[in-house]
1. Being farther than 30 Å from Arg174 by Cβ, of a type in the set (A, V, I, L, M) and modelled with pLDDT of 95 or more, is that true of even one residue in region 42-55?
2. Considering (1) open to solvent by 20 Å² or more (accessible area, probe 1.4 Å); (2) within 18 Å of Gly137 (Cβ to Cβ), say which one Trp89 fails and leave the rest.
3. Does any residue in region 123-149 that is in contact (Cβ under 8 Å) with a residue 24 or more places away in the chain and farther than 19 Å from Gly111 by Cβ come within less than 7 Å, Cβ to Cβ, of a residue that is of a type in the set (Val, Ile, Thr) and outside any helix (DSSP H, G or I) six or more places away or on a different chain, and which pairs are these?
4. Output the helices (runs of 4 or more DSSP H) that fall wholly within region 1-81 and possess 2 or more residues being aromatic (Phe, Trp, Tyr) and surrounded by 15 or more Cβ atoms within 10 Å (Cβ to Cβ), or say none.
5. Please determine whether any residue of region 39-51 is over 18 Å from Val167 (Cα atoms) and among the hydroxyl-bearing types (Ser, Thr, Tyr).
6. Filter region 148-191 down to residues that are at pLDDT 85 or above and of a type in the set (S, T, N, Q) and give me whichever is nearest to Arg9 (Cα to Cα).
7. Among (1) surrounded by fewer than 19 Cβ atoms within 10 Å (Cβ to Cβ); (2) under 23 Å from Phe168 (Cα atoms); (3) modelled with pLDDT under 95; (4) not β-branched (Val, Ile, Thr), there is one condition Gly84 misses while meeting the rest; what is its number?
Amino acid sequence: MLILGFGARSISMTSIVVHEVAYLTDIGIPLTVAGAALGGMVFISMIGRFGFGLLGDYVDKRYLFIATYLMQAVGILILNNVSGMAMVWLFVVIYGIAYGGAIPLSFSIVGDYFGRKNYATIRGYMQFFLIPATLVGPIYAGLVFDITDSYNIAFTSFIVSLLFGTVFIFFARRPKLPANALSLGYTNERT
């Protein structure tokens, strides 16, 4: 469930980062302002990284993930309907905070669910599945733009992907240890 949820986010996340400036300049935003919006989004993401990282110590990370995914979906919806600079900056703030917020949560939930002993192996295994999603999204968005001369279909599909991701994250649970592991002295406690 975590891989599916993270994959749903990876498809849209990299696509927005890769195509944001091209999209904004295509709709008439000056290149320097579009570049500043991208830089601002990454800068604002620090608020999400610190804030959601801190909240993750007190609130179920699955619910925080759902919040970041929904915020990213709202951010993409705003981006897809930009009609002026106020909307660009609203996108930057909402999407940036959510974009940053999911980063510490994605690392810490794996530790919560699987412990530290095989953490690096598990994260590496997950990347085997997430890297293709990270690569496919921007290519798909570019292809959609080349065919339709618009990002509308791509952005809408990223919103849908994030909504599906919330379902996968909601159903992600800490795995129960098999009986033979329990008999060897392992526990279901976090280690």
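1. Pass one, region 42-55, residues farther than 30 Å from Arg174 by Cβ: 42-44.
Still in the running and of a type in the set (A, V, I, L, M): 42, 44.
When the remaining residues are screened for being modelled with pLDDT of 95 or more, the result is 44.
Scanning region 42-55 turns up at least one residue that is farther than 30 Å from Arg174 by Cβ, of a type in the set (A, V, I, L, M) and modelled with pLDDT of 95 or more.
2. That leaves (2) as the condition not met.
3. Note: no pairs meet the criteria.
4. Working: elements: 2-26, 31-55, 61-80.
By residue number, 2-26, 61-80.
5. From region 39-51, those over 18 Å from Val167 (Cα atoms) are 39-51; that's our starting set.
Filter once more, keeping what is among the hydroxyl-bearing types (Ser, Thr, Tyr): 45.
The answer is yes, given that some residue of region 39-51 is over 18 Å from Val167 (Cα atoms) and among the hydroxyl-bearing types (Ser, Thr, Tyr).
6. Within region 148-191, the first condition is being at pLDDT 85 or above, and the residues that meet it are 148-173.
Okay, now just the ones that are also of a type in the set (S, T, N, Q), so 148, 150, 152, 156-157, 161, 166.
Numbers: Thr148: 24, Ser150: 21, Asn152: 18, Thr156: 13, Ser157: 12, Ser161: 7, Thr166: 9 Å.
Looking at the filtered set, the residue picked out is Ser161.
7. Every listed condition holds for Gly84 apart from (2).
The values are calculated or read from the model by the stated rules, or taken from the named source; none is laboratory data. These numbers come from a predicted model, not from an experiment. A quick note on method: Cβ atoms are made from the backbone with ideal geometry, for glycine too, and the neighbour counts reach across all protein chains shown. Each accessible area value is taken on the protein alone, full model and side chains, heavy atoms only, with ligands, DNA and RNA left out. Shrake-Rupley method; radii C 1.70, N 1.55, O 1.52, S 1.80 Å.
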